[in-house]
Every structure is written in structure tokens, then in C-alpha cells.
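Any read-out appearing in this document is the output of simple, stated calculations on the displayed coordinates, not a laboratory observation. Note that this is a predicted model, so its numbers are computed, not measured. Cβ placement follows ideal geometry from the backbone for every residue including glycine, while neighbour counts extend to all protein chains displayed.
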Amino acid sequence: MCVDVSSLTVKRAILRHQVSVFAVPMVLAFMFGATAAPSGGAVAAPTSLKVVGRVKAGEAAIHDAFALDQEGSKLAYITFTGKGAVQLHVGPPGGDTRVTDLADFSGAPEKILGLAGYWFVVANEGSRRAAIIDPAGRIKRQTGAFDDCELSRSPNAFVTYSQKRLPTGDRYSIQTFRPDGTTLAERSLRVTPGGTIEGDAAATFLGFTKSHLQVMVQKPGAYDRRSDAREPPQFALYDVMTGKTGPGKTPPKIDAFLDYIRKRAEKPDLDAVIVLAVGQSGFDLVGPGEKVRPLGFASGQYDVLSLQQVQVGSRVVFSLVADRPEKGDMDEAGRFAQAFFSLEPSSGKVTALGEIPLPDRHPCPWSAGGNKIAVLRTATEGGREIVIYGH
């Protein structure tokens, strides 16, 4: 999804500290949760999703960039016309739309993000930038260049970030925008060549944990004069918005906690994220909170590498490609399907939402909002259409 500026840093930090921290015995309690598999039992097999709407573009072509808002009440998508127009359409899924001309902004937008009635259309032509579209369909403003972007839920904001490597260390430029496109804050985070955060020499950068607005850091343990040694290292959260480091705590299992940090950095924009387990034999659920749990989900008939996921309210909606050889060979319809599921992060319960047939093992692009899933498909008569499914 993103230019992952955090995961490489996490790996470097973990390698840098393995010798010093893995050998330290831990007996104190921390915020790291239990690692037992979430309850919820077996997941029922998905049934076919019900079609509740379709979007066809006539003689125009539908672009890859489209998105449902969080409530599923509005769908935003882009079309290209034969006369060279680039148009953003926004409206009820399958209903009448409001059209915005994007040709002066970009000839090929990359993605769309919806936030509180506004839309951020992101283009990547040499560098990424975004156009903010207001509810009336006007381009209200454009952002400067950035590496990548995401949505934050606390605060409710559009977040852009960039990384620059300098002789004096790495600099992360992070900017947050309100839904209407006005700037909420601009922050610069510097990490020294030694790995510490500028302004807090005791805090070693490990990775982003919350929409690039929070950083997990390691701090040295307190010095014990009687033993002439330091206590085990501690971990804390650095708030990018305030520039302050919170109180440090010591986890009972350092190796498990560092594993959490590494996996959390894969998608810091989600409150909870599904990641591949060791050996790719299943999935782990990372979060909410500082914990990693095996996800109670039988993945045997699914291609685990096809995982796609988004956050919809408090839920995580995800899809996997099902491969059922007993239903046909590689060229026979019916063998492959794209199955959709809903995850409640607090309990770890997974619910099957439904599935759609696929002509091959390649998943379709999709977006979720409310109780709807919009899928970009090839129409029966040719061309592309967006099919809206209800669940």
C-alpha cells in the first residue's frame, strides 16, 4: 500500500538491539496481551454475495481508483472519456453522481480516500500529491509532494509522510489535514545515525504504530547503583504531534514484543492488522493494543498471499482467494472465488460475509463501507463495471 518507511527501520533497530536485549530475563508485567488464539469457533463457509447495484460508464472507461465512504452511502470512482476528460464521480452506489473534472490535476489518479464527506484524490506522477474535493464537487486545494498517505481515526485526519536520508540521520516529514483540507499540523521527526530521536537522546526509534503519528521507542533501564548495572530496557510511545515521549514500561517477553513492533509496522494506519504467521501457515492478529494473537481462522483452502484488508468503523474487512480444485481444473469456471470476511478485533471473531466467483486466481480490486462491498469487475458484455454487493 505504502512506501514502507518504517519496516526497514524496525528491522535495523531490532538487529541492533538483539544482542543486548534478548539475553535479559523478564519477569515484569507489561501491556503485552495474552497470546492465546481468539475465541469464536469455526467460520461458516461464505455464500454468494447479493448484488445491490452496478456502475457502468457507457463509452467511457472506469479507472482502478474507486472507494466507498465509511458508511457505504457514497461511491467515488474515476472515468476516462474518449475526448480526454478525467472525471471523478461521487454519489449513492449505483445512483446519480456529481462529476468533477480532474484533467488539470492528473491524467491518471492512483487512489481515492474518503473522509467525512470530502475526498482525497491521490496522483503519483513523479511524486505523490493529493487534490481535496469538497462535498459540492469542487477541488478545494492541492497538497505538496509526499511519499505516501493514509487516514487517521484519532485525530480524524488525512496524513501524508515522507522520508529523507541525510548525513545527520533520517528525517520524516509528517503533515495532517482536516477533512476539509486545511492543515491541522506539520511535524518533522529526526532520527540520528545512532538511532535515537532528536530531542530525546534516550529514545531509540523502533517503528511507527499509529498512522505515523506515534512511534514505539526503546529506552535504557534505570541504573541500579548497588549492582552497578542497568535494569532491563523499557519501551514507550513517542507522540509525533506533541514531540513528547510517554512513560516507559518493561514487557515480560522482549522477543515477543519486538515481534509485535515489526508486525505492527506493516500497516500502522489500521487499529488492528492481519499479518502472515511464521511459515505462512495462517494469520496473526496484531492489536488492538500491544499484542499478537493467532487468528482463529482455517485458511487451508485460501491463497494466504492474496490477503487484502481495510478498516471499516471498528471492524476489519478482508478478502482471500479461495482455490477449490475439486470444482474444476485451472481453466474451468467455479474453481476460484474471492471470499470476504469481517473481523471484530477485540474478540478476534471472524464472520463470513460472502464470496464472488472469479475466472482465475487473480483477486478483483474492491472497497468496503457500511454493509456494502464495491468490486471492479469485467462486465459480461466486455468493458469494466463496478458491482456493489450487500451483506
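Listing for the model above:
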{"item": "With 10 Å bins from 0: P(r) over the stretch 180-290, alpha-carbon pairs, percent", "result": "13, 38, 31, 14, 3, 0"}
{"item": "The chain, dipole about Cα centre (Lys/Arg Cβ +1, Asp/Glu Cβ -1), debye to the nearest 20", "result": "940 debye"}
{"item": "Kirkwood Rh, Cα atoms: Rg over Rh of the chain", "result": "1.00"}
{"item": "Length added when fully stretched, S347-S227, from 0.36 nm per residue minus Cα-Cα", "result": "38.9 nm"}
{"item": "Which of H391, H212 has the fewest Cβ neighbours within 10 Å, and the rest in rising order", "result": "H391, H212"}
{"item": "Listed residue (A374, T245, P359) projecting farthest to the positive dipole end of the stretch 7-390, Cβ model", "result": "T245"}
{"item": "Pairs of Lys in the stretch 257-391 closer than 21 Å at Cα, counting only those 8 or more apart or on different chains", "result": "6"}
{"item": "Estimated translational D of the stretch 245-391 in µm²/s (Stokes, Kirkwood radius over Cα pairs; 10 °C; 1.306 mPa s)", "result": "94 µm²/s"}
{"item": "Theoretical FRET efficiency, 1/(1+(r/R0)^6), r = Cβ-Cβ of E326 and K253, R0 56 Å, to 0.05", "result": "0.85"}
{"item": "FRET E, pair E198, Q142, Förster distance 30 Å, beta-carbon r, rounded to 0.05", "result": "0.50"}
{"item": "Nonlocal amide H pairs with K74, under 5 Å, H built at 1.01 Å", "result": "D69"}
{"item": "For the stretch 345-391, fraction of C-alpha pairs farther apart than 17 Å, in %", "result": "44 percent"}
{"item": "Under-5 Å amide H pairs with K349, H placed in peptide plane, nonlocal only", "result": "E344"}
{"item": "Tally of Lys pairs whose C-alpha atoms are under 17 Å apart, taken over the stretch 159-256, 8 or more apart or cross-chain", "result": "4"}
{"item": "Two-site label geometry, V99 and E186: point separation in nm, points 7 Å out along Cα→Cβ", "result": "3.7 nm"}
{"item": "Percentage relative contact order, the chain, counting C-alpha pairs under 8 Å, at least six apart", "result": "19 percent"}
{"item": "Alpha-carbon spread of the stretch 75-127, three principal axes, descending order, Å", "result": "32, 27, 14"}
